[in-house]
Amino acid sequence: MKFLCVDCDRQMAFEERELPGDGTLAAVFRCPDCDRMTAMLTNPMETQLVSSLGVQVGGRTVPAANFEGIRSEVATGSEEAFVESPPSGPVRWNTDAVERLSHVPSFVRGMVKKIYNEYAKERGIEEMTPDIMDRARSDLGLEGM
Amino acid sequence: MTPKIRTYHEVDEIESSLPGQVAEAEGRVGARLASVERIVGVMSGKGGVGKSLMSAAIAASLARAGRRVGLLDADLNGPSAARMLGISAPLREDEACGVEPARSASGVRLMSMALLLDHDAALRWKDPVDAGFVWRGVQEREAVRQFFADVDWGALDVLIVDLPPGTQRLAELHGLVPDLDGAVAVTIPGRASVDAVARSLDLARSRGLPLLGLVENMSGLACDECGALTPLYEAEGGVDLAARFDVELIARLPFDRRLAAAADKGAIDEWLEGGGRLAEEIARIASRVAPGGERP
Ligand SMILES: [Zn+2]
């Protein structure tokens, strides 16, 4: 799928992705010449088709976490499947962030933690806080997660 | 008036990232398997022929002989390797290195859907639009891909892949793992199983996959007293199949109540420990799956 700005005859570049949480997806593309933007809106069926493949429209923002596809798509994952992994990597989690993470179901917690860690690492953020988590959710289009 | 619009192939300023993402994900399988010496699929045409028990027993037999063995249970909807090997521990993971495989007492490294689900829970996928049939195949293939790529298998002498029943399964595995070293087929003597395995073997041949051999399971019932075999089937399916495809019939195994009971209890290791003729036969099959001597 490509988007062409007809006036400029230029291919539009991916700008951002949003997952409102209702199974749909919005991907915004921008013309590099005239800055005109267009949004592609996909219905839940089209969205699911792409996510089943483990790919993200416009490209990956952070590398895939362990079992990301399985953890995102299996409905019957066990809360006892994974033991809590010890903190690793350069990002420090403050108490509020740890508390907030503890509300994430254990089956996907390791995956969510890695996504936040990668987000922080790429931006040189040293301490994870609920504010950073909010920013990551909005920047990475994780609202539905 | 609308100007003439260039076609999809004429518009090539920016490469679509989707094929690249798929290629990158597949590439991670290859990278992970670089430290695995051999990858062997265990297949059957139909369910219920004892393929999973064979896979688990072969893996345990090799591990007991000092080999570094992985067992990837690709039967997502009927996973049984964890039960047979007595494994239920939760999984550890490292963000960078991957998910640690679970380990059996003999040291078999295992990944199975059973380890991710509650006991007795069926594998169900999120299905927001009630059309799961459209992408079920893709999700399952992706899950198996992650079992290869996201698991910290480490250095292995052999990774055994217990395939779900079905004619196409080996071909699908070959698509995911082009470096597949071969396959062992398990059948029972009955015609229905033999026909299904024949189709699998035909497909494997057409892809140029080396067939390491055939195992005929449930050939007979062994007498507890004297060991004499009473055939369970009139047909000699394994013998016919081996001749037809010119593959070696590695073994014809009796149904063994003690092995079946051990598998139910997760005690295959203890059963192998007990030795006996059947354990020797399994060791012989294992030596075809992973030739080579004991690791010092
Ligand atoms: Zn434009």
16 Å reach of a label modelled at A:CYS34, 7 Å along Cα-to-Cβ, counting backbone N of region A:1-18: A:3-13
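In whole percent, what relative contact order does chain A give with Cα contacts below 8 Å and a gap of six or more residues? All intermediate terms of the calculation are to be shown ahead of the outcome.
Values: 184 pairs, mean separation 32.9, N = 145.
Answer for chain A is 23 percent.
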Accessible-area order for B:TRP135, A:TRP93, largest to smallest, probe 1.4 angstrom, reads A:TRP93, B:TRP135
Ignoring everything but the protein chains, give the 1.4 Å probe accessible area of A:GLU73 in square angstrom, nearest 10. 20 Å²
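Kirkwood hydrodynamic radius for the protein assembly as shown: how many Å is it when counted over pairs of different Cα atoms? Spell out each step's value before the answer.
On the way: mean 1/r = 0.0416 Å⁻¹.
When all Cα pairs of the protein assembly as shown are included, the Kirkwood radius is 24.0 Å.
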Radius of gyration and Dmax over the Cα atoms of region A:82-138, both given in Å: 10.4, 28
Taking Cα atoms, how many degrees apart are the long axis of helix B:132-149 and the longest axis of chain B, rounded to 10 and kept between 0 and 90? 70 degrees
As a check on your grasp of the helix formula, calculate [θ] at 222 nm for chain B: sum -39500 (n - 2.57) over DSSP H runs of n ≥ 4, divide by the residue count, round to the nearest 500. -12000 deg cm²/dmol
Dipole of chain B [Lys/Arg +1, Asp/Glu -1 at C-beta], most positive-end residue of B:GLY30, B:VAL186, B:ILE268: B:VAL186
Does region B:196-296 come out rounded, prolate or oblate by the C-alpha gyration tensor, with a ≥ b ≥ c the root eigenvalues, rounded set by a/c under 1.5 and, if not, prolate when a/b is larger than b/c and oblate if not? oblate
7 Å from Cα along Cα→Cβ at both B:ALA228 and B:GLU26: what's the point-to-point distance in nm? 5.7 nm
For the interface of B with A, what's the total buried accessible surface in square angstrom, probe 1.4 angstrom, rounded to the nearest hundred? 4200 Å²
For region A:82-138, what's the relative contact order in percent, using C-alpha pairs closer than 8 Å and at least 6 residues apart? 47 percent
Take A:SER106 and B:ASP202, extend 7 Å from each Cα along the Cα→Cβ direction, and tell me the distance between the two endpoints in nm. 4.9 nm
Can you give me the long-range amide H partners of A:SER78? Hydrogens built in the peptide plane at 1.01 Å from N, cutoff under 5 Å, separation of 5 or more residues or another chain. B:LEU117, B:ASP118
Rounded to the nearest 0.05, what FRET efficiency do B:ASP264 and A:VAL6 give with R0 = 60 Å and r taken as the Cβ-Cβ distance? Could you check? 0.35
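So, with +1 on the Cβ of K and R and -1 on the Cβ of D and E, and no other charges, what is the size of the charge dipole of region B:1-148 about its Cα centre, to the nearest 20 debye? Walk me through the intermediate numbers first.
Values: 19 positive and 19 negative charges, 167 e Å.
Using only the charged Cβ atoms, the result is roughly 800 debye.
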Which links in A:LYS113/B:LYS126; A:LYS113/B:LYS51; A:LYS114/B:LYS265 stretch past 28 Å when you go from one Cα to the other? A:LYS113/B:LYS51; A:LYS114/B:LYS265
Å² per residue, accessible surface of region A:15-145 at 1.4 Å: 49 Å²
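Quote the relative contact order of region B:1-134 in percent (integer), defining contacts as alpha-carbon pairs under 8 Å separated by 6+ residues. Walk me through the numbers before you get to the answer.
Details: 105 pairs, mean separation 24.8, N = 134.
Across region B:1-134, relative contact order equals 19 percent.
Assign unit charges at the C-beta atoms only (+1 for Lys and Arg, -1 for Asp and Glu), then state the dipole size of region B:130-193 relative to its Cα centre in Debye, rounded to the nearest 20. Please report the intermediate quantities before stating the final value.
On the way: 5 positive and 10 negative charges, 78 e Å.
So the magnitude is around 380 debye.
Averaged across A:10-21, how many Cβ atoms of other chains sit within 10 Å of each residue's Cβ atom? Provide the component values of the computation, followed by the final result.
Details: counts 3, 5, 3, 2, 3, 0, 0, 0, 0, 0, 0, 0.
Other-chain Cβ atoms within 10 Å of each residue's Cβ, averaged: 1.
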For A:MET128, list long-range residues whose amide hydrogen, built 1.01 Å from N in the peptide plane, is under 5 Å from its own amide hydrogen. A:ARG92, A:TRP93, A:ASN94
Any idea what angle helix B:191-206 forms with the longest principal axis of chain B, computed on alpha-carbon atoms, 0 to 90 degrees, nearest 10? 50 degrees
As I understand it, the dipole of region A:1-136 uses +1 on the Cβ of Lys and Arg and -1 on the Cβ of Asp and Glu, about the Cα centre. Which of A:ILE132, A:LEU101, A:GLY89 lies farthest toward its positive end? A:GLY89
Separation between the B:ASP179 and B:ASP12 pseudo-spin-labels, each 7 Å from Cα along Cα→Cβ, expressed in nm? 3.1 nm
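Would you please classify the overall shape of region B:1-57 from the alpha carbon gyration tensor, given that a ≥ b ≥ c denote the square roots of the eigenvalues, rounded means a/c under 1.5, and beyond that prolate means a/b larger than b/c while oblate covers the rest?
Numbers: a/c = 6.90, a/b = 2.54, b/c = 2.71.
Taking the square roots of the gyration eigenvalues as a ≥ b ≥ c, region B:1-57 is oblate.
What FRET efficiency, computed as 1/(1 + (r/R0)^6) with R0 = 22 Å and r the Cβ-Cβ distance, is obtained for A:GLU15 and A:GLU84, rounded to the nearest 0.05? Can you show the working numbers first?
Numbers: r = 37 Å, r/R0 = 1.68.
Calculated transfer efficiency: 0.05.
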Using amide H atoms built in the peptide plane, which far-off residues or other-chain residues are under 5 Å from B:VAL151 H to H? B:VAL99
Please report the net charge: other residues with Cβ closer than 12 Å to the Cβ of B:ALA196, K and R +1, D and E -1. +3
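What share of Cα pairs, in percent, lie more than 37 angstrom apart in chain B? Before the final figure, lay out the partial values.
Details: 7801 of 43660 pairs.
Everything past 37 Å amounts to 18 percent.
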May I ask you to evaluate 6.51 cos²θ - 1.76 cosθ + 1.60, the Karplus curve with θ = phi - 60°, for each residue of region A:58-75 and list the ³J(HN,Hα) values in order in whole Hz, giving x for glycine and proline? x, x, 7, 8, 10, x, 5, 7, 4, 6, 4, x, 4, 5, 6, 10, 7, 8
Determine the residues within region B:1-22 where the difference in accessible area between the chain on its own and the full set of protein chains amounts to at least 10 Å²; count protein heavy atoms only and use a 1.4 Å probe. B:PRO3, B:ILE5, B:ARG6, B:TYR8, B:VAL11, B:GLU13, B:ILE14, B:SER16, B:SER17, B:LEU18, B:GLN21, B:VAL22
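Heavy atoms only, probe 1.4 Å: what % of the accessible area of the protein assembly as shown goes to carbon and sulfur, would you let me know? Show your work: numbers first, answer last.
Numbers: 10610 of 20620 Å².
Carbon and sulfur: 51 percent of the exposed surface of the protein assembly as shown.
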Size of electric dipole in region A:7-95: Cβ of Lys, Arg +1 and of Asp, Glu -1, about Cα centre, debye, nearest 20: 220 debye
Between beta-carbons, use under 13 Å as the cut-off and find the net charge around B:ARG252, counting Lys and Arg +1, Asp and Glu -1. -4
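Around B:ASP118, what is the net charge, scoring Lys/Arg as +1 and Asp/Glu as -1 over all other residues with Cβ under 10 Å from its Cβ? Intermediate results must be reported in sequence, preceding the final value.
On the way: positive: none; negative: A:GLU79, A:GLU80, B:ASP120.
Taking every other residue near B:ASP118 into account, the sum is -3.
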How much of the pair distance distribution for chain A lies past 24 Å, counting alpha-carbon pairs only, in percent? 40 percent
For region A:50-123 and region B:38-96, distance of Cα centres in Å: 27 Å
Could you report region B:17-289's accessible area per residue, 1.4 Å probe, as an integer in Å²? 41 Å²
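The values are calculated or read from the model by the stated rules, or taken from the named source; none is laboratory data. Nothing here was measured: the structure is a model prediction, and the numbers come from that model. FYI the Cβ positions are ideal-geometry reconstructions off the backbone, even for glycines, and counts take in every protein chain you see. We work out accessible area using only protein heavy atoms, side chains counted, and drop any ligands, DNA or RNA first. Shrake-Rupley method; radii C 1.70, N 1.55, O 1.52, S 1.80 Å.
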